[in-house]
Amino acid sequence: MRYGFFCALIALSGCTDLSTIGREPRFSGLQNGEQFGAMYAPPFPVSAEVSGPTRDASLWRASRGSLLGDRRAARRGDILTVVIEIDDSAEISNATDRSRSGQSAMGMPQLFGFPQNMDKKLAQGATMANAVQASGSASYSGDGSVARQEKLALRVAATVVEELPHGVLRIEGQQEVRVNFELRELIVTGYVRAGDVSRLNEITYDKIAGARISYGGRGQITDVQQPRWGQQLTDSLLPF
């Protein structure tokens, strides 16, 4: 009895994570990500700027902090907005129809009297006049279709985490929203050109090379929708 109780307890602990019972999902820490390092690492100046009283007092300076300066993200640690508006649909259909039929016959009604002599030795009703006759037919038909539609509209702030030598910026953005016991997370990574960033400091997802967009969640609702690891293991191992 005691052995069965411990086995049931072990099976129950393997089916669910007991540490999340009655608790909301925790946010992932930002201190270990590349965004944290890009924002807190001191930037290295490209060149030393010449400063003077007249230069600091002018309203028409070319620096980023001036009135008419370019404030678009271009350096490591800068923040820009990624606009994700996906509205894709695809529909593919094809049909295949194939048929084949054939018929062949072979016989020897007259061949120097040999068929007549052979008929005497054959079973009653058998004749060499129609020795072989064969027929066959085959047909195949197939029909397939694919219909897919995806629609997603999101905006997320991303950070420039690396400046590549040829002017391309590697960005990374992460957003987490927790409602009750369900946490929704959005992750965006990829490579962009500084010239593709608009004057509003925004860039659309279709201009991100190697874009990786992940929109998912974790929490009580997600756990209920996913099968337990024991069921997934049996589904992979059992042949039936």
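Quickly run through the stretch 171-201 and pick out the residues that are without any contact (Cβ under 8 Å) to a residue 24 or more places away in the chain, in contact with a helix residue (DSSP H, G or I) (Cβ under 9 Å, 6 or more places away or on another chain) and farther than 15 Å from Ile213 by Cβ.
Asp196
What's the total number of residues in the stretch 173-205 that are open to solvent by 40 Å² or more (accessible area, probe 1.4 Å), assigned to a strand (DSSP E or B) and either under 17 Å from Arg72 (Cα atoms) or among the hydrophobic types (A, V, I, L, M, F, W, C) (or both)?
Total satisfying the criteria: 7.
Which condition number does Thr96 fail, the rest of (1) surrounded by 10 or more Cβ atoms within 10 Å (Cβ to Cβ); (2) at pLDDT 65 or above; (3) of a type in the set (S, T, N, Q) being met?
Of the numbered conditions (1) surrounded by 10 or more Cβ atoms within 10 Å (Cβ to Cβ); (2) at pLDDT 65 or above; (3) of a type in the set (S, T, N, Q), the odd one out for Thr96 is (1).
Tally time: how many residues in the stretch 206-235 are touching an Asp or Glu at 6+ places or on another chain (Cβ under 8 Å), hydrophobic (A, V, I, L, M, F, W, C) and open to solvent by less than 60 Å² (accessible area, probe 1.4 Å)?
Adding up the residues that qualify gives 0.
For residues that are among the small types (Gly, Ala, Ser) and open to solvent by less than 50 Å² (accessible area, probe 1.4 Å), scanning just the stretch 99-130, find the one that is modelled with the highest pLDDT. Steps first, please.
Restricting attention to the stretch 99-130, the residues satisfying the condition of being among the small types (Gly, Ala, Ser) are 99, 101-102, 104-105, 107, 113, 123, 125-126, 129.
Those still in the list that are open to solvent by less than 50 Å² (accessible area, probe 1.4 Å) too: 102, 107, 113, 126, 129.
Working: Gly102: 76, Gly107: 65, Gly113: 64, Ala126: 67, Ala129: 63.
Going through the qualifying residues, I end up with Gly102.
Please count how many residues of the stretch 206-238 are out of contact with any strand residue (DSSP E or B) (no Cβ under 9 Å at 6 or more places or on another chain) and either touching a residue at least 60 places away in the same chain (Cβ under 8 Å) or assigned to a loop (DSSP other than H, G, I, E, B) (or both).
The qualifying residues number 7.
The values are calculated or read from the model by the stated rules, or taken from the named source; none is laboratory data. Please read all numbers here as calculations on a predicted model, not as lab measurements. Counting neighbours? That spans all protein chains shown, and the Cβs are built from the backbone with ideal geometry, glycine included. Surface accessibility is based on the protein's heavy atoms, side chains included, excluding ligands, DNA and RNA. Shrake-Rupley method; radii C 1.70, N 1.55, O 1.52, S 1.80 Å.
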